[in-house]
Each structure stands twice: as structure tokens, then as C-alpha cells.
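Q: Once you've had a glance at the structure underneath, I'll fire off some questions.
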There are 2 protein chains.
Amino acid sequence: MTQTSDRVYADLHREILTGGRVPGSRLREEEIAETFGVSRTPVREALRRLSADGLIELIPHRGAEVVRWAADDIEELFDLRCLLEGHAARRAAQRGEVDLERLRELCARMEAHLDDTDPRAADEITRLNMEFHRTIHRAGGRALPDLLTRVIEVPVVRRTFDEYSAEELRRSFGQHRELVNALAAGDGDWAEAVMRSHLRAARASWRTHRRQAELPTGQEPRTPETDKD
Amino acid sequence: MTQTSDRVYADLHREILTGGRVPGSRLREEEIAETFGVSRTPVREALRRLSADGLIELIPHRGAEVVRWAADDIEELFDLRCLLEGHAARRAAQRGEVDLERLRELCARMEAHLDDTDPRAADEITRLNMEFHRTIHRAGGRALPDLLTRVIEVPVVRRTFDEYSAEELRRSFGQHRELVNALAAGDGDWAEAVMRSHLRAARASWRTHRRQAELPTGQEPRTPETDKD
DNA sequence: CGCTCCTACTTTGTACACAACTTCGGAGGT
DNA sequence: ACCTCCGAAGTTGTGTACAAAGTAGGAGCG
């Protein structure tokens, strides 16, 4: 659990989220064990944790495969995220234990990448943005962070901020700043409203880019394993 | 994963929820392995799953112990449950794919135990009630059931319907019936409202019985391992 | 030609042995 | 008397071997 297993988990986790492991592809224990140069034992533990995260599905005596999410499921997750993160923002504002300085620092670091043309800038923004939201989750209560992890990671799969236009980025960062203001004011209603609109905007953007990304490839009409569910 | 591990997981899960394993007590792999007559390997897998459920906490090189939940944390979980189950009820009503016949059957079976004096009746009602709520969760979307499991199981620890008075039971069952009506009507607002009041009532009952159970024992002021968190 | 059954292979599930880490106790020094 | 350091006991982490289950391919039969 502590060292080898953690490393395998973290690496597989990243591979799945960045698209190195395609949804539907199988994960064989031995193959992964060889790749990382470890035995199957820590690999198994890592796979169980990924399964608990909802990122892969374990089938008895058959192995694991990366979960495929239909568009409807992602829509549902956006709704849940809106609900739970709105709640987290409200609670964080009311309890007043949120680390405002840290949030402002994260805002500044994200804004510093506004005119950054380096392709890796999107990854960095994604990381900072995740940390920004997580900070609010933690301030919202004890049970919220774990719950939100399951809801957020999935729609984030294969999606980073490189799909955002400069204008969308600017608006998104502006909402972050307003969120910090609402939290600083201790106004739960305000914080929840900003968070909800922030996430609705993200969903709208996702819908737009999804349509653009879908048509060219043309691999959607098949729905290989989804139809039997 | 399939046979031995599942059995160990299910048994430990039940032991924790029924109070056989007290919060704060440690779980040693070897002891559990001997008790069940299996090796440590499936025991480890079961412990990881319980950890993912939020029922136990794993400490590297030290072992696992049953999670202690403070009263404030349980309050928070009731809030989240209210939020998510209300959402589930709304969605279930709007989508109209809920199995109304099954819900009515579960209602009838619960009501049949209203005048049952058998002490095991409370366990049966708890089981039926859980199934009633789960049916609605499933009708509310794909991601909701797993999410709600984590939120609901914890406050249910060591608590069954034997603490309910006959009047509380009757009111609770009446709310179930009204919920079915709201779902049948496809009225999302109605369904959500009924669900939320149903759960708020449950929380009020929990608060009352908690105060009664707390004072006699007098073991609360110590807070053994909680103070360091 | 198609269907069924059987065998061989692939992959996961469990047991067991050893290594690594943490913790607690006592001996020694200041 | 107290603090520090060292060592032994106990518990988890990892590696490896074997058992069990599932899957796919081909041979035999209808």
C-alpha cells in the first residue's frame, strides 16, 4: 500500500486520465507488472483502488477494463458535480475556514498562463484548477472531498484546458476570483451561485467541443460494448 | 475477488454495520484470516474495499481500524444524503423509469411489521427500507447508487428502526407512500420535497435518540482518538 | 455445412514465505 | 532522574508458486 502499490496506482491513474489507457481497453495484471518491474501483488491493489474510484471495471476471472462513459452519463455527472460543489462552496463560505490566501495564489498562477503558448500550459492549468476546487471541497466538510473525486475525475478524462479558447479561459478565471470574493464575504448563497454558474459554463463548453470532436472520427454510431447495458 | 474475498468482505461489512466491530477497534489481517480460515491475501482485498467504502481507515505498516465518526460528521452526512436523495427522487420522477410496483410491494411489507413485536422486525424493516431507497437511487441515474452508498452506510452504523416509536414508524411509512405517489405522478418537485422532509425527520429522530443514548454512558467527553484530528 | 463438445491456453484467485517498516521496551550515558 | 539510542517483537508490504475459472480454437458428429 505504501510505496510500490502507490506508485503503480498513481501512474495508472494518470495514464487513464490523460488518455494513455483508452476506455474499453483491457488491463492485464502481468503486463502491468512487467511494465513497472514489480510483482502482480501491488498491481492488484492498484487495480482495486482504481475500481473503487469508478475508473475501471473488474470482471471476475476476466480482468479489468477502463470504464466507458456514455454522453448521458457525463451529463448526469455534471449535474451531480454542480449540486455537490455548489453545496461545498456554500458550506465553505458559511464555516469560514477556507484558506483564502492559497486560493488567491492559485488564481494568480493560473492567470499567469493566460498568454502562455506552451502546449504543456494546459496541463498545468488543469492541475492548478483541480487544486483550486479541491481546496474548497476540503473547507466544505469531511466527507465531501472523497465524494467529489468520484464525480469529477470521470468527465475530466481526456479533457484538459487546451480546448478552452482564450475568452473562455478569461471568463473561467474571472469566476474563480468572484468565488474567492464570495467566500471571503462569508456569503453562502453567493458562493453557491457562482460555483453553479461556473460549472454550468463548463458543461456548455464541453457540449460544444464534444460535437466538434465527434463528427470527424465517426466512431460513435457503433457503441461497441455500451448497447448491452 | 470472486469467492473467498467476497465472503470476507460481506461478513466484515455486516460486522461493522451491526456493531460487532466497534469504531476505533483495530483489524489485524492475520487474526481475521484465522477466524475465516483463509489466507491473508483475500483478507487484504476485503480491507481495501472497506476502506474505499469509508468504513475503515488503513494506516501504512500499522493496520486498519474502524472509522470513528463525530456527531458533526454525521450531521454533514445527513445534509449530503438529503441533497443527493432529493436529487435522485426528482430525477426518478422525471425520467419515469422507476419500478412503482416494486416500491408498493416494499411499502406493504414494511407496513406488515407495524404491530410486530419480534425484536428482529427492526432488522427486517431496516433491510426493506434500504431496498426501497436503493430502488429510487437506481432509477435516478447511473452514478447515484454508488455515491449514496458511501453517504448512507455510515450514519446507519449501529442504528436500526428499533429506536423508532410506533408513531414515528407510521409517519415514516406514510412518507414512503406519498413518495410513490409523487413518482407515479412524474412530479419531480413533489418527489424531491417529500424525500427531503422524510430525511429531515429521520435526522430529527436521530438527534433525539442520540442525546438519550449519550448521557447514561458518559464516554463522550474523552474523545480518545478524535482530538488529534 | 453447421453445431456441439472437448481440450489447451490464458488470466485471475489464493496460499505461503520472506522483506521492510513501525513501535515499544530496556540499557546505557549524561 | 531523564533523555537517547539501540534492539527485538509484531505487523504489514511484496514476491513467487500453484490452483481454479474462463475463453477460444479445433476436431468430431449430426
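The values are calculated or read from the model by the stated rules, or taken from the named source; none is laboratory data. These numbers come from a predicted model, not from an experiment. Here Cβ is always computed from backbone atoms with ideal geometry, including for glycine, and neighbour counts include all displayed protein chains. We work out accessible area using only protein heavy atoms, side chains counted, and drop any ligands, DNA or RNA first. Shrake-Rupley method; radii C 1.70, N 1.55, O 1.52, S 1.80 Å.
Q: Which members of the stretch A:13-62 meet the condition of being more than 10 Å from DNA strand C (Cβ to nearest atom) and among the small types (Gly, Ala, Ser)?
A: Of everything in the stretch A:13-62, those that are more than 10 Å from DNA strand C (Cβ to nearest atom) and among the small types (Gly, Ala, Ser) turn out to be A:Gly19, A:Gly20, A:Gly24, A:Ser25, A:Gly37, A:Ala46, A:Ser51, A:Ala52, A:Gly54.
Q: Specify which of the listed residues (A:Glu153, A:Glu178, A:Glu167) is among the acidic types (Asp, Glu), more than 14 Å from chain B (Cβ to nearest Cβ) and surrounded by 14 or more Cβ atoms within 10 Å (Cβ to Cβ).
A: Answer to the selection: A:Glu178.
Q: Pairs only if they're at least six apart or on different chains, beta carbon under 9 angstrom, first in the stretch B:24-36 and under 15 Å from B:Ser5 (Cβ atoms), second open to solvent by 100 Å² or more (accessible area, probe 1.4 Å) and near DNA strand D (Cβ under 7 Å from one of its atoms); list them, first residue then second.
A: From the stretch B:24-36, the pairs are B:Glu29/B:Arg40; B:Ile32/B:Arg40; B:Ala33/B:Arg40.
Q: Can you tell me how many residues within the stretch B:31-76 are part of a strand (DSSP E or B) and facing another protein chain (nearest Cβ under 8 Å)?
A: Keep residues of the stretch B:31-76 that are part of a strand (DSSP E or B), which gives B:56-59, B:63-66.
Those left that are additionally facing another protein chain (nearest Cβ under 8 Å): B:58.
Selection size over the stretch B:31-76: 1.
Q: While we're on this one: Residues in the stretch A:117-149 that are within 14 Å of another protein chain (Cβ to nearest Cβ) and either surrounded by fewer than 20 Cβ atoms within 10 Å (Cβ to Cβ) or small (Gly, Ala, Ser) (or both): how many?
A: 9
Q: Also: Kindly indicate the residue of the stretch B:1-23 that is surrounded by fewer than 13 Cβ atoms within 10 Å (Cβ to Cβ) and within 16 Å of DNA strand D (Cβ to nearest atom) and also farthest from the other protein chains (Cβ to nearest Cβ) among those meeting that condition.
A: B:Gln3
Q: Let me ask something else. Among (1) away from every other protein chain (no Cβ under 14 Å); (2) within 16 Å of DNA strand D (Cβ to nearest atom); (3) surrounded by 15 or more Cβ atoms within 10 Å (Cβ to Cβ), where does B:Val98 come up short?
A: The one condition B:Val98 does not meet is (2).
Q: Let me ask something else. Can you tell me how many residues within the stretch A:2-41 are in contact with a Pro (Cβ under 7 Å, 6 or more places away or on another chain), closer than 25 Å to B:Ile59 by Cα and at pLDDT below 95?
A: So the count comes out to 3.
Q: For the subset of the stretch B:30-84 comprising residues that are within 12 Å of DNA strand D (Cβ to nearest atom) and polar (S, T, N, Q), which member is surrounded by the most Cβ atoms within 10 Å (Cβ to Cβ)?
A: B:Ser51
Q: Quick test for you: out of B:Leu147, B:Leu103, pick the one residue that is at pLDDT 95 or above and among the aliphatic types (A, V, I, L, M).
A: On the way: B:Leu147 fails: at pLDDT 95 or above.
After applying the criteria, what remains is B:Leu103.
Q: Assigned to a helix (DSSP H, G or I), out of contact with any Phe, Trp or Tyr (no Cβ under 9 Å at 6 or more places or on another chain), within 11 Å of chain A (Cβ to nearest Cβ) and not basic (Lys, Arg): is that true of B:Ala88 in this structure?
A: Yes: the conditions hold for B:Ala88.
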